[in-house]
């Protein structure tokens, strides 16, 4: 019987043989970019594909292959590629000029649309990314409370300068004083905030209501309710990072399933809300966000040349008004739930487990029972070789997901696309059943 590594080696050789142009493009890029890369998550061995064009839910590579896109630009691509309504809005906007250096109507209209979906956001500010949104939300929390320490969660990710992989703060992180708790574990939070040295100095608790990059692990309802109480007890600002999960349910994020009194003080957003353009936003209670009001002589300055850039504002406005309506958001959420259940059934009895919420999901190869996956601790045994093998198997058959098993659905995907994907995952499980069986996992 072939081992997982042997199966992967064979798949890798097929990948190399099928993609010589992507290989050449990558090797050329290494002359000017470290490792040929300027966005770490996109790199994978032996080299990443080079995509030349995209339309709808289809990607086209330099080597002439077509792929059904199930990565969805890590949730930013909810509209698929070049949605005609949004594309037309961008074209019309470019005719009017790209950089005004001024206020314009679309920024207020987009903000109003966001408020309709997120009632906890009374006032907001725009940024250029989710990373910036979290940077500013944390700054606002520290200013509002006069405190310094930030409660985060092991394996959480809040942008390029907020990484806590393996429960450690990355050396590239913004230098806040972090207290790292365990996701879905309220006791770990209380243990930190009640320590004498922390008790009066916690400015914020920041949490993803579904841990995205950390494995698509949903928060328990009791956990989210407990965080609200913990924040109130410590007089800290509760921040929901819904950069990924804002698309959930009817487009009001995971917080939309909570009563108003349990929702966060601040929320950070990003990804798809800019209609495919660079976008971020943070907002919440008026009492906090008023510190940015420039009409006040002591207001906090928040700069950003492209915060209200006309392309993002126009694309985002049209996208929320005409394309990703609450009805279509709910449809996409239900489609994701259905696909995830189907994949879970396919993996039943093997190491393959599928986690997530709605249209966002992650595939893991772990011995942990699906219902017991609550934090990073429960997937530390995940088999990277099997994840890598699945990735190349899917690429070989025309389906594009992240190397780590991350999937984000778009409106452009059809029922036929999803059916074909599920059947291909079934083929993977059938072909590699011997190395996916729980009983044989110790031999991998």
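Read-outs: derived from the displayed coordinates by stated rules, not from any lab. As the structure is a prediction and not an experimental result, all values here were calculated from the model. For neighbour counting, all protein chains shown are included, and Cβ atoms are generated from backbone atoms with ideal geometry for every residue, glycine included.
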Length released on extending from residue 422 to residue 200, taking residue separation times 0.36 nm less the Cα-Cα span: 74.8 nm
Top of 104, 60, 249 by mean-square fluctuation, Gaussian network on the chain, Cα under 10 Å: 104
The range 127-227: antiparallel DSSP beta bridges as a percent of all, rounded to 5: 25
Estimated 222 nm signal from helices in the chain, with DSSP H stretches of n ≥ 4 weighted -39500 (n - 2.57), rounded to 500: -11000 deg cm²/dmol
Overall Cα dimensions of the range 60-100, principal axis frame, Å, largest first: 38, 23, 18
Helix axis angle, 105-117 relative to the chain longest principal axis, alpha carbon, degrees: 80
Computed FRET value (nearest 0.05) for residue 53 with residue 377, which takes r as the C-beta separation and R₀ as 45 Å: 0.60
Inter-label distance, nm, simple model (7 Å from Cα along the C-beta direction), residue 161/residue 63: 3.8
Calculated FRET value between residue 434 and residue 396, using beta carbons and R₀ = 22 Å, to 0.05: 0.70
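Semi-axes of the equivalent ellipsoid for the range 84-323, please: Cα gyration tensor eigenvalues, times 5, square-rooted, ordered largest first, whole Å.
Details: eigenvalues 191, 72, 52 Å².
Over the Cα atoms of the range 84-323, the semi-axes work out to 31, 19, 16 Å.
Quick check: convex hull over the Cα atoms of the range 31-160, volume per residue in Å³, rounded to an integer?
Normalising the Cα hull of the range 31-160 by residue number yields 221 Å³.
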Using distinct alpha-carbon pairs, which all enter the 1/r mean, Kirkwood radius of the range 252-395 in Å: 18.9
Rounded to 10°, Cα long-axis angle of helix 221-233 versus longest principal axis of the chain: 30
Segment residue 99-residue 348, extension gain: residue separation times 0.36 nm, minus the distance between their alpha carbons: 84.3 nm
Bridge type composition, the range 84-323 - antiparallel percent by DSSP, nearest 5: 45
Label zone at residue 42, where the point sits 7 Å out along the Cα-to-Cβ direction: the range 16-32 residues whose backbone N lies under 20 Å: 16, 19-32
Pairwise centroid distance, computed over Cα atoms, of the range 2-41 with the range 137-159, Å: 37
Column: log10 I(q)/I(0), Debye, Cα scatterers of the range 140-228, q = 0.22 Å⁻¹: -1.16
Candidates 131, 305, 366: whichever shows maximal mean-square fluctuation once the chain is modelled as a Gaussian network with Cα springs under 10 Å: 305
Inter-label distance for residue 298 and residue 414, nm, one decimal - labels placed 7 Å from Cα along Cα-to-Cβ: 6.2
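Per residue, how much space in cubic angstrom lies within the convex hull of the C-alpha atoms of the range 331-410? Present the calculation step by step, with values, prior to reporting the outcome.
Values: hull volume 7.2 nm³, N = 80.
Given the Cα convex hull of the range 331-410, per-residue volume reads 90 Å³.
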Cα-Cα pairs of the chain separated by more than 43 Å (percent): 13
Nitroxide proxy distance, nm - points 7 Å out along Cα→Cβ at residue 250 and residue 235: 3.7
Difference of contour (0.36 nm per residue) and Cα-Cα distance, residue 13 to residue 306: 101.1 nm
Rounded Å value of the spacing that divides the Cα centres of the range 165-207 and the range 66-132: 32
